[in-house]
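The block underneath contains the structure these notes are about, expressed in structure tokens.
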Amino acid sequence: MKPLFSYRTTSQMLVAGLLVLPLALAAQTASPTQEADWRRANDAVGALKRGHADVLKWEQANAGASTTTPGNTTGVAIPNAEAAVRMAWTVHRDLARALARLGPKNEQLIAEGRWTEIDPSLQRRVEDAGEVLEVAAAGRKAWIEAVAAQQVLKHQRDMMEAAQAAYELGQRMVTVGNWSKLQLSPVQLAASNARMNLRRAQQAAAQAQANLVNTMGQTGLQEGFELPGQLPAIPVQAMTEVDLQKRADAIRNQLPGAESLRNRALARSAMKVYSAAHALAQDSQGDVLKTREFITEETVLHYNGMLKSVWDLLDEVRNQSQATVDAIGAQRDFWIAETDLQWVLQGGEPDSFVSLGGAGGNAPTAAAH
């Protein structure tokens, strides 16, 4: 499976190439000089073997050259969830004794998110082990949400640029008399919606960074962290229901009566959310993105062959970016669901579970108590 970040290339390079396209339809009624200017710009791309498609392939092969996220902070780097967990632990100095009692092996398993490999009797044998896990879960989820929000921001910017390009093209068509203002109105609304979505994404990314800063005990010390460009890939196979049930039974045998009953209900809910999140993430990153990528490539080829209009191309830029945004949301939801499930299978009690609501937000659902 291609990493999610690779799917940004088609839309971003298309948008970059389309910045000259507002001249395209206007050239049909423009002066000879204007038409020649547009043709020179278009011919520069068309000189490649497959036109815009080859530009896309080049950018995919050189993705590292354009991985900087606009608005990124330049604070301390948190390259992965393990680093986030360890940093969160350092904020709680009172956990040092519990971590020492857990031992380096268990500490490593917790930091890496391999909680199902931990002895279920651990919390009964080590004082404050539950707090160690709770802090680890909070750090891990804050990091996941911040990385995902940063990814979404990139693609919302792509969609805004594509919508703005379409609007500028529409304005030119109105100017030369090819369109009425009524025909321009839907394009104008699309550009306005894209700008609003970008602002929402900017605010969501800022809030996620602020939450991460707070979780890491860095409030007032820095504004944000340097984060990786993408979340880790989801596992091909989800944990099986049989294995999860065995794990749930093992932890309940370590809990008092009331806690055991509460954990049973929590585990049932957590397993359902986890399974659904994995299926959604697989679908969104698999069939949906692959199909959307195929449509985009075909649209580019048809556009190069003058079988598709610039409007078709601009629409597909937005569609490609939206599919990627949805896939990022599904990927984020899976990792949060996986963290909650592993925490529950250690006796933890999350206040809520992720709602699987997509990239626009992850309003939690109430946990079963």
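The values are calculated or read from the model by the stated rules, or taken from the named source; none is laboratory data. Treat the numbers as computed from the prediction; the structure is a model and nothing was measured. Ideal geometry is used to build each Cβ from the backbone, glycine not excepted, and the neighbour counts take in all protein chains shown. Calculation scope for accessible area: heavy atoms of the full protein, side chains included, ligands and nucleic acids excluded. Shrake-Rupley method; radii C 1.70, N 1.55, O 1.52, S 1.80 Å.
Taking the numbered list (1) assigned to a loop (DSSP other than H, G, I, E, B); (2) surrounded by 14 or more Cβ atoms within 10 Å (Cβ to Cβ) in turn, Gly220 passes all entries but (2).
Residue-by-condition table, conditions (1) in contact (Cβ under 8 Å) with a residue 12 or more places away in the chain; (2) more than 23 Å from Val85 (Cβ to Cβ); (3) open to solvent by less than 20 Å² (accessible area, probe 1.4 Å):
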site	(1), (2), (3)
Phe294	no, yes, no
Glu297	yes, yes, no
Leu301	yes, yes, no
Val317	yes, yes, yes
Gln322	yes, yes, no
Trp343	yes, no, no
Pro350	yes, no, yes
Phe353	yes, no, yes
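Just checking, does segment 328-339 include any residue being under 26 Å from Met173 (Cα atoms) and either open to solvent by 50 Å² or more (accessible area, probe 1.4 Å) or β-branched (Val, Ile, Thr) (or both)? There is no residue in segment 328-339 that is under 26 Å from Met173 (Cα atoms) and either open to solvent by 50 Å² or more (accessible area, probe 1.4 Å) or β-branched (Val, Ile, Thr) (or both).
Conditions (1) modelled with pLDDT of 95 or more; (2) within 30 Å of Ser121 (Cβ to Cβ); (3) touching a helix residue (DSSP H, G or I) at 6+ places or on another chain (Cβ under 8 Å), marked per residue:
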{"site": "Gln254", "(1), (2), (3)": "no, yes, yes"}
{"site": "Ala270", "(1), (2), (3)": "yes, yes, yes"}
{"site": "Asp287", "(1), (2), (3)": "no, no, no"}
{"site": "Thr299", "(1), (2), (3)": "no, no, yes"}
{"site": "Asn304", "(1), (2), (3)": "no, no, yes"}
{"site": "Arg332", "(1), (2), (3)": "yes, no, yes"}
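Is it true that Arg124 is surrounded by fewer than 19 Cβ atoms within 10 Å (Cβ to Cβ), touching a residue at least 60 places away in the same chain (Cβ under 8 Å) and of a type in the set (D, E, K, R)? Yes, satisfied. If you go through segment 173-187 and keep only what is more than 35 Å from the chain's Cα centre (by Cα) and either part of a helix (DSSP H, G or I) or at pLDDT below 90 (or both), you end up with Met173, Val174, Thr175, Asn178, Trp179, Lys181, Leu182.
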